[in-house]
Amino acid sequence: MKILILCDMFPPAFAPRMGYLCKYLAGDWKAVVVTEQISDDNFSFLTGYAEVTYINYYKASGRMARRIEWITIFLLDFFFDYKDRKMIKVASRLLKNGDFDGIIGATYRTFPLPAARKVAKRFNLPFVADTRDIIEQYVSDGYISHSFKTFPWLDELIVKAFRRKLLKGRNLALRQADYITTVSPWHVEMMKRYNPRVELIYNGYDPELFYPEQIVTPAFRMTFTGRLVSLETRDPRPLFEAIAQLAGEGHISPATFRVWWYTDEASREMLRPLVKEYAIGEYMDFFGYVPGDAIPGILNRSSVLLQLANKAGGSGPKGIMSTKLFESLAVEKPLLCVRSDESYLEETIRIAHAGASARTAHEACDFIRARYKEWEEKGYTAVEADREVTGSFSRSKQAGQFMRIFEKLAEERKAYHG
């Protein structure tokens, strides 16, 4: 089969889900991709598995010119669906010149689901909507990547209007999709509000890159990779309280106990005041993002892998099960989720026998103390994970799920048309 993928981001940019799908499509399957050009090369190792057309929406240089261009395109997109219209033109040219068997629209918010819906209808092709994250899972306006920076009251009005616009376009596309695929059990239940045909395809790990290695290290290292988004989404304070307690009791010292942060500057700005508040700065090491194929080595040279979270439900985050969770499971290092989401993260770590989800600083302290003792005895740490569970999160198996969906849709169409 030949599948057209319309997505908001694609490698080399930070968007591994569709990149891994293209890598693991098997046999006679072929993927053709249309996506936005993003200035990022963290996943350059995932290029070359598909024919890709990149649309460059932003071309200005200079800080002020880029700001004016961003505002202009935002307004054009808000009122006239500029970005989707441009993608429809590019996708239509490709669809006219080749025999395609289906379309995937992949997004974390809305764009380009409306474009995927329209070209699927125009060319009478099966349409699968892949929603890896959704607006409703975020605390407050964490789904917005750029702040508007006007007046507080005006920002609030813009955010409300923007949210209504995004949800209207997304939900129309979801209702008209032949299938929806999404990333957690919570997301499945949310998507079923719009369409009964929903399949859970987790984010996962590349089995060619992520596998366990036992490496002796000169220090005990706790590692976090990714973004905080907000303290309401990922709250490190119980972790910091536990580290401060261990330091105060004399159980750890900066020479042999380190916390590695591979994250963006916005996250570091959130962390620094808390690190100062708990007086644990001498234990912290801050780094920037690294290419995706460097992550396995970092994880395998760690002693405990951190999943920062917060209690799910209510006003808290919902259904967040990031790629980093599954990559951590694959290397079989002790995994500490703090604060526990008391939901699917906690359940997944438990059934995989991969570590602990701490609901309190006391629980985090006990876990770290035990793993630190293990490192002192062996020079490394490890868990005996349930590989039947962790193996189900392989990207190759998840590509098979996408393929089976399109095979099913093809069979349904063949039966309908006789």
Plugging the Cβ-Cβ distance of LEU274 and ASP99 into 1/(1 + (r/R0)^6) at R0 = 41 Å yields, to the nearest 0.05, a FRET efficiency of 0.15
Give me the extension gain from ASN124 to ARG387: residue separation times 0.36 nm, minus the current Cα-Cα distance, reported in nm with one decimal. 90.5 nm
Contact order normalised by length for region 220-391, with contacts defined as Cα pairs under 8 Å and 6 or more residues apart; what percent is it? 26 percent
For region 124-133, in residue order, the Karplus 3J(HN,Hα) values (coefficients 6.51, -1.76, 1.60; θ = phi - 60°; whole Hz; Gly and Pro = x) are 6, 10, x, 10, 10, 9, 9, 10, 7, 9
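How far, in nm, would the chain grow between ARG237 and LEU154 when pulled straight, counting 0.36 nm per residue and subtracting the alpha carbon separation? It would help to have the intermediate numbers written out before the result.
On the way: separation 83, 0.36 × 83 = 29.88 nm, distance 3.22 nm.
Working it through step by step, the gained length comes to 26.7 nm.
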Cα-based helix-to-principal-axis angle, 265-277 vs the chain, degrees rounded to 10: 20 degrees
I need the P(r) histogram for the chain: all alpha carbon pairs, bin width 10 Å from 0 out to the longest distance, whole percents. 4, 21, 30, 25, 14, 5, 1, 0
Please go through region 186-238 and write out the trypsin sites (Lys or Arg not before Pro) that DSSP classes as loop and that have at most 14 other C-beta atoms within 10 Å. LYS192, ARG193
From fewest to most C-beta neighbours within 10 Å, the residues TYR49, TYR138 line up as TYR49, TYR138
Based only on the alpha carbon positions, what is the Kirkwood hydrodynamic radius of region 1-124, in angstrom? 15.1 Å
Quick check: pseudo-label points 7 Å beyond the Cα along Cα→Cβ at THR256 and LYS373, how many nm apart are they? 1.4 nm
Taking Cα atoms only, helix 82-96 is inclined relative to the longest principal axis of the chain by an angle, in degrees rounded to 10, of 60 degrees
Going by alpha carbons, how many degrees (0 to 90, nearest 10) lie between the helix axis of 152-176 and the longest principal axis of the chain? 60 degrees
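Give me D for region 321-371 in µm² s⁻¹, whole number, from Stokes-Einstein with Rh from the Kirkwood sum over alpha-carbon pairs, 37 °C and 0.692 mPa s. Don't jump to the answer; show the numbers that get you there.
Working: Rh = 10.9 Å.
Answer, rounded: 300 µm²/s.
Once you keep just the Cα pairs under 8 angstrom separated by 6 or more residues, what percentage relative contact order results for the chain?
Details: 760 pairs, mean separation 64.4, N = 418.
Dividing the mean separation by the residue count of the chain yields 15 percent.
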Stokes-Einstein diffusion coefficient of region 220-391, Kirkwood radius over Cα pairs, 4 °C, 1.567 mPa s, in µm²/s: 81 µm²/s
Which whole-angstrom value gives the distance between the alpha carbon centres of region 181-254 and region 331-406? 9 Å
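Quick one: pull the percentage of alpha-carbon pairs in region 184-232 with a separation above 14 Å.
On the way: 883 of 1176 pairs.
Value for region 184-232: 75 percent of Cα pairs lie more than 14 Å apart.
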16 Å cut-off, amide nitrogen to a point 7 angstrom out along ASP40 Cα→Cβ, residues in region 214-256: 225-230
Suppose R0 equals 22 Å; then what is the FRET efficiency for ARG193 and ARG164 from their Cβ-Cβ distance, rounded to the nearest 0.05? 0.85
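Rule-based calculations on the coordinates, nothing more; no lab input. Keep in mind it's a predicted model, so treat the numbers as computed, not measured. Backbone-built Cβ (ideal geometry, glycine too); neighbour counts: all protein chains shown.
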